[in-house]
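Q: Below: one structure in structure tokens.
The values are calculated or read from the model by the stated rules, or taken from the named source; none is laboratory data. None of these values were measured; they are calculated from a predicted model. Cβ coordinates were reconstructed from backbone atoms using ideal geometry, including for glycine residues, and neighbour counts include every protein chain displayed.
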2 protein chains.
Amino acid sequence: MARKVEVTELALRDGHQSLLATRMAMEDMVPICEAVDRAGFWSVECWGGATYDSCIRFLNEDPWERLRTFRKLMPNSRLQMLLRGQNLLGYRHYEDTVVDRFVEKAAENGMDVFRVFDALNDVRNLQRAMQAVRRTGKHAEGTICYTVSPLHTVDKFVDMAKQLQEMGCDSICIKDMAALLRPQPAYDLVKGIKKKCGKEMLVHVHVHSTTGVTMVSLMKAIEAGADIVDTAISSLSLGPGHNPTEALVEMLEGTGYTTSLDKDCLHQIKNHFADVRPRYSEFESKFIGVETDIFDSQIPGGMISNMESQLRQQGAGDRVREVLEEVPRVRMDAGYPPLVTPSSQIVGTQAVFNVLMGRYKALTGEFADLMLGYYGKTIGERSAEVMKLAAAHAKKEAIDIRPADLLHPEWDALRTQALALDGCNGSDEDVLTYAMFPQVAPKFFAHRSEGPKNVSKTAEQLAAETAVKKEGTQSSSKLTGPVKYRVTVGGLARQVTVEPA
Amino acid sequence: MARKVEVTELALRDGHQSLLATRMAMEDMVPICEAVDRAGFWSVECWGGATYDSCIRFLNEDPWERLRTFRKLMPNSRLQMLLRGQNLLGYRHYEDTVVDRFVEKAAENGMDVFRVFDALNDVRNLQRAMQAVRRTGKHAEGTICYTVSPLHTVDKFVDMAKQLQEMGCDSICIKDMAALLRPQPAYDLVKGIKKKCGKEMLVHVHVHSTTGVTMVSLMKAIEAGADIVDTAISSLSLGPGHNPTEALVEMLEGTGYTTSLDKDCLHQIKNHFADVRPRYSEFESKFIGVETDIFDSQIPGGMISNMESQLRQQGAGDRVREVLEEVPRVRMDAGYPPLVTPSSQIVGTQAVFNVLMGRYKALTGEFADLMLGYYGKTIGERSAEVMKLAAAHAKKEAIDIRPADLLHPEWDALRTQALALDGCNGSDEDVLTYAMFPQVAPKFFAHRSEGPKNVSKTAEQLAAETAVKKEGTQSSSKLTGPVKYRVTVGGLARQVTVEPA
């Protein structure tokens, strides 16, 4: 008997986040939810920071309404979300009772599986959110952000897994956001976790496909005992996204492992998103091939394009190479944080500053905070010299307590501020929207009643555009034969024929 | 110590054949040959039927000159070609001395490794070419075309490998042209061959990437002992092409296997083809994602698009589904041939005929020949009933001898015909070009002196086109409403309104 491997489908969250800049409207997902619900996935990932942000910033959709709709349309599925630990879905640390409230509300609105991570792998930043999830009786998944550095070893990651287990997580996720997890470490890591935490500890593997090796890593993780793996339906897969769900099913055929996914459902889901995707081509990731440079630079693709645009804005577009070489230095000085939101932006921007203005001649506020422990602990020691500069810059001392311990209760103030906004409906959900996106929420509340906006092209627009493109390619948009116009001059209309002279 | 896995680079042949319709001009490969030569590949595939055809049909390039140029520019590399057994690089069986002559000339012009295959896996069709290669002292690689059917088992493929060994091949290739080779059979097949033919028998694995599972199959093949694997540089990889070379290198990092490839060289090769590829976008394969339907239909992607265009020409574009269902029936009746050039075209066209005119109401000449053994033996028994129809149609009997045994010496006649052509230089190489492409050779000989034609766009054309496309997308290039101009004619200014008539 083949061992059953469970699968989490990513199309509804990370799939379109990675490939279509998170722009997919709920109405383009609704028609396929029934097939997704029937396909036999262990869970359906459908909510997270970027989708929440995109809902209120671009799509005029209430993210809580989106969650409730998923819940209604997929009654048989575990719904899964990605939660940034103490940052929730925002970019700062929240005070503990806000964390509690968010988790309660998400569970109440239908969330089942909470994948909780911290950008620095500081488990103290996960603790409160994990406790809150456990109180709701929902599934708490503790997450290891996988990265590569001179200090990151399989043993250290396994130690972290043990800490997550001691915190009471229901499963452990290995989250490889930059596709750096090669097959051998994938195998060793899963084996190590199973050995240290016990066979019954569920291990869930999340990889991106950018480097072209991680499908093999999934195979190796499965051979090592991984229980659940993440994939995205083929028509929303590959490039900076994920490995294709259907290929996973076929890959296991004849091995000692099997999925229980329904191929007909997968086929429907694939065809649905193959139809939807071209309408979002404007938002499509430029790069959909394979990029292995990441292994050497350890800099995720998205981070490179960010830095390039920062440099161009400063008229220094030719200094990318220098910045790429500076990043590992800055990362070392900061104690080797994984490069993932927000640490990737913080380290990348500081590297740009260093190249343009001289090393640490100017610090960003965020980098100073990172150096002083205000985001949490890093795996390595931070440079004492740079910490001194950071303290001088930020006019505050380094801390080694959990950052959120410095925060005072803030729910009441957030509530008061939210309720003062035009269009706020007074619900805890609205207060949370305001708490996480204070800049964006006011406009969203004010315009919410206008209803969702679909930012993709209609099928008609797409067809017209394809026709124009074809014409453009063939004729170079030049006049090749006579064209008739109606021309009005001084009130007098005339039929005019124009042709190449 | 990690075991060294050797690599064949496909960019110069199958890479652009699969992705860019074989259109790449020699001048776009010349500048990178030095880096390819230094990278440390076991061999560099650079010649075959489709590249030969494309050279004389589209590029006005002498394929023999191309081979000699590769030889000169890559003095340290084994050059590799794909040879269709008794068909050489053409579509019919050639008489044995023509086969001998071709192989001698290819070796003389610089070819080192001959990968010899037969579309039906009839080893009798490989024998003469293999003997010819052995006489030249070059590397003879016997090839198994991998396919899936109720009759194809690992054991049968292993038996075929043993036959190839007995013929004296220097290595055995598993050629998976439709990306049907899943990880488990890849493992079992390599293990089986090594067991039956001995550990010292070199096993070479060639897979396409279409279904998204074959990178894992390469890993499994390597674990089972495969000596050499085929990949294409990342910028000419994926989709209907192959797995990326750089990803293979990274995949093995930390395992018990390693390649000895030079990463700097790979980086140069990647950048070179990343620059070249967009100029060939017009010829680019439409589909560059992952397609797993092939596993169910067993019909390669290229074959489906062929059938669709045949059906559309007959005004029956809506009957694709019926044809797809008919193909497995026709394939069964024909004794389950692998579907690869030319059997894929023969089976596909007959399926179209069956749907349009009734099952076997009309037969193509090629299908009748296939049924009657004129292409060789198939693994399964052919339908006696359909064979009877074929014999009536073709007015000839079924044969079970090697098809080429029916042929009479033809070199002198071919030579006389070739030499009569305007521009033929009288060399054996020219006679062979005429022998293999009698329809195309006359025009090529007549125009050869005009020199190679590069059918890609120049960088300037590409830039201009991108600009037009952008404009087209934004303005739709068409007048959709009234536009006001100030027009001055003979010193008199007037307000003019123009709108579509």
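Q: From the set of residues in the stretch A:359-401 that are part of a loop (DSSP other than H, G, I, E, B) and of a type in the set (A, V, I, L, M), which is nearest to the chain's Cα centre (by Cα)?
A: My answer is A:I379.
Q: Evaluate the following for A:A404: is it out of contact with any Cys (no Cβ under 8 Å at 6 or more places or on another chain), outside any loop (DSSP other than H, G, I, E, B) and closer than 27 Å to A:E282 by Cβ?
A: Considered against the rule, which asks whether it is out of contact with any Cys (no Cβ under 8 Å at 6 or more places or on another chain), outside any loop (DSSP other than H, G, I, E, B) and closer than 27 Å to A:E282 by Cβ, A:A404 comes out as no.
Q: Hey, could you check the stretch B:204-230 for residues that are touching a Lys or Arg at 6+ places or on another chain (Cβ under 7 Å) and surrounded by fewer than 24 Cβ atoms within 10 Å (Cβ to Cβ) and say which is farthest from the other protein chains (Cβ to nearest Cβ)?
A: Top of the filtered list is B:G225.
Q: Can you tell me which of A:T245, A:T258 is within 10 Å of chain B (Cβ to nearest Cβ) and modelled with pLDDT of 95 or more?
A: Result: A:T245 is the single residue among A:T245, A:T258 that is within 10 Å of chain B (Cβ to nearest Cβ) and modelled with pLDDT of 95 or more.
Q: Of all residues in the stretch B:261-272 being more than 11 Å from chain A (Cβ to nearest Cβ) and touching a helix residue (DSSP H, G or I) at 6+ places or on another chain (Cβ under 6 Å), which is surrounded by the most Cβ atoms within 10 Å (Cβ to Cβ)?
A: Looking at the filtered set, the residue picked out is B:I269.
Q: Suppose we filter the stretch B:246-256 for residues that are out of contact with any Leu (no Cβ under 6 Å at 6 or more places or on another chain) and surrounded by 18 or more Cβ atoms within 10 Å (Cβ to Cβ); how many remain?
A: The number of residues fulfilling the criteria is 6.
Q: For the stretch B:290-319, which positions are modelled with pLDDT of 85 or more and among the hydrophobic types (A, V, I, L, M, F, W, C)?
A: B:V290, B:I294, B:F295, B:L311, B:A316
Q: Considering every residue within the stretch B:91-98, establish whether at least one is at positive phi, of a type outside the set (S, T, N, Q) and at pLDDT 95 or above.
A: No, because not a single residue in the stretch B:91-98 is at positive phi, of a type outside the set (S, T, N, Q) and at pLDDT 95 or above.
Q: Are any of the residues in the stretch B:95-102 among the acidic types (D, E), in contact with a His (Cβ under 9 Å, 6 or more places away or on another chain) and over 22 Å from B:T136 (Cβ atoms)?
A: Among the residues of the stretch B:95-102, not one is among the acidic types (D, E), in contact with a His (Cβ under 9 Å, 6 or more places away or on another chain) and over 22 Å from B:T136 (Cβ atoms), which makes the answer no.
Q: Filter the stretch B:375-410 down to the residues that are under 13 Å from B:Y94 (Cβ atoms) and without any contact (Cβ under 8 Å) to a residue 40 or more places away in the chain and list them by number.
A: Answer for the stretch B:375-410, where residues must be under 13 Å from B:Y94 (Cβ atoms) and without any contact (Cβ under 8 Å) to a residue 40 or more places away in the chain: B:D405, B:L406.
Q: Can I ask one more? Quick one: which of B:F295, B:F287 is within 14 Å of another protein chain (Cβ to nearest Cβ), surrounded by fewer than 22 Cβ atoms within 10 Å (Cβ to Cβ) and touching an Asp or Glu at 6+ places or on another chain (Cβ under 8 Å)?
A: B:F295
Q: Moving on. Out of A:A413, A:A441, A:A446, A:A463, I need the residue that is of a type in the set (G, A, S), modelled with pLDDT under 95 and either under 27 Å from the mean Cα position of the chain (by Cα) or loosely packed, with under 15 Cβ neighbours inside 10 Å (or both). Which one? Full working, then the answer.
A: Values: A:A413 fails: modelled with pLDDT under 95; A:A441 fails: modelled with pLDDT under 95; A:A446 fails: modelled with pLDDT under 95.
On inspection, the qualifying residue turns out to be A:A463.
Q: I've got another one for you. Could you please let me know if B:R66 is surrounded by fewer than 24 Cβ atoms within 10 Å (Cβ to Cβ), over 25 Å from B:G380 (Cβ atoms), modelled with pLDDT of 95 or more and not polar (S, T, N, Q)?
A: yes
Q: Which of the residues spanning the stretch B:202-212 are in contact with a Leu (Cβ under 8 Å, 6 or more places away or on another chain) and hydrophobic (A, V, I, L, M, F, W, C)?
A: Hits for the stretch B:202-212 are B:V205, B:V207.
Q: Restricting to the stretch B:143-172, name every residue that is part of a helix (DSSP H, G or I) and of a type outside the set (F, W, Y).
A: Those that are part of a helix (DSSP H, G or I) and of a type outside the set (F, W, Y): B:V154, B:D155, B:K156, B:V158, B:D159, B:M160, B:A161, B:K162, B:Q163, B:L164, B:Q165, B:E166.
Q: Another question, then. Have a look at A:K199, A:K194 and point out the one that is more than 13 Å from chain B (Cβ to nearest Cβ) and either touching a strand residue (DSSP E or B) at 6+ places or on another chain (Cβ under 7 Å) or not in a loop (DSSP other than H, G, I, E, B) (or both).
A: A:K194
Q: Now for a different question. Kindly indicate which of B:V158, B:V154, B:V116 is buried (at least 23 other Cβ atoms within 10 Å of the Cβ) and without any contact (Cβ under 8 Å) to a residue 60 or more places away in the chain.
A: B:V116
Q: If you take the residues in the stretch A:84-107 that are in a loop (DSSP other than H, G, I, E, B) and not acidic (D, E), which one is nearest to A:V30 (Cα to Cα)?
A: By that ranking, first place goes to A:L89.
Q: Could you tell me whether B:P300 is in contact (Cβ under 8 Å) with a residue 60 or more places away in the chain, under 24 Å from the mean Cα position of the chain (by Cα) and away from every other protein chain (no Cβ under 14 Å)?
A: Numbers: in contact (Cβ under 8 Å) with a residue 60 or more places away in the chain: yes; under 24 Å from the mean Cα position of the chain (by Cα): yes; away from every other protein chain (no Cβ under 14 Å): yes.
Here the answer is yes, as B:P300 does meet what is asked.
Q: Another one. Can you spot a residue in the stretch A:36-50 that is part of a helix (DSSP H, G or I), over 18 Å from A:H267 (Cβ atoms) and under 19 Å from the mean Cα position of the chain (by Cα)?
A: Checked the stretch A:36-50: at least one residue is part of a helix (DSSP H, G or I), over 18 Å from A:H267 (Cβ atoms) and under 19 Å from the mean Cα position of the chain (by Cα).
Q: Name the residues in the stretch B:76-111 that are farther than 18 Å from B:V205 by Cα and charged (D, E, K, R), would you?
A: B:R92, B:E95, B:D96, B:D100, B:R101, B:E104, B:K105, B:E108
Q: Does B:D159 satisfy being charged (D, E, K, R) and within 14 Å of chain A (Cβ to nearest Cβ)?
A: no
Q: Which residues, counting only those in the stretch A:231-242, are facing another protein chain (nearest Cβ under 10 Å) and either farther than 18 Å from A:S43 by Cβ or of a type in the set (F, W, Y) (or both)?
A: Those that are facing another protein chain (nearest Cβ under 10 Å) and either farther than 18 Å from A:S43 by Cβ or of a type in the set (F, W, Y) (or both): A:S234, A:S235, A:L238, A:G239.
Q: Taking the condition more than 27 Å from B:Y257 (Cβ to Cβ) and not hydrophobic (A, V, I, L, M, F, W, C), does A:R182 pass?
A: no
Q: Would you check if there is a residue in the stretch B:31-39 being touching a Cys at 6+ places or on another chain (Cβ under 8 Å), acidic (D, E) and under 29 Å from B:P244 (Cβ atoms)?
A: Initially, the stretch B:31-39 is screened for residues touching a Cys at 6+ places or on another chain (Cβ under 8 Å), giving B:35-36, B:38-39.
Adding the requirement that they be acidic (D, E) leaves none.
Checked the stretch B:31-39: no residue is touching a Cys at 6+ places or on another chain (Cβ under 8 Å), acidic (D, E) and under 29 Å from B:P244 (Cβ atoms).
Q: Tell me the residue from A:I193, A:I228, A:I172 that is at pLDDT 95 or above and more than 29 Å from A:A334 (Cβ to Cβ), please.
A: Every option except A:I228 fails the conditions.
Q: Got a sec? Which of B:M130, B:M81 is part of a strand (DSSP E or B), modelled with pLDDT of 95 or more and buried (at least 20 other Cβ atoms within 10 Å of the Cβ)?
A: Being part of a strand (DSSP E or B), modelled with pLDDT of 95 or more and buried (at least 20 other Cβ atoms within 10 Å of the Cβ) holds for just one of B:M130, B:M81, which is B:M81.
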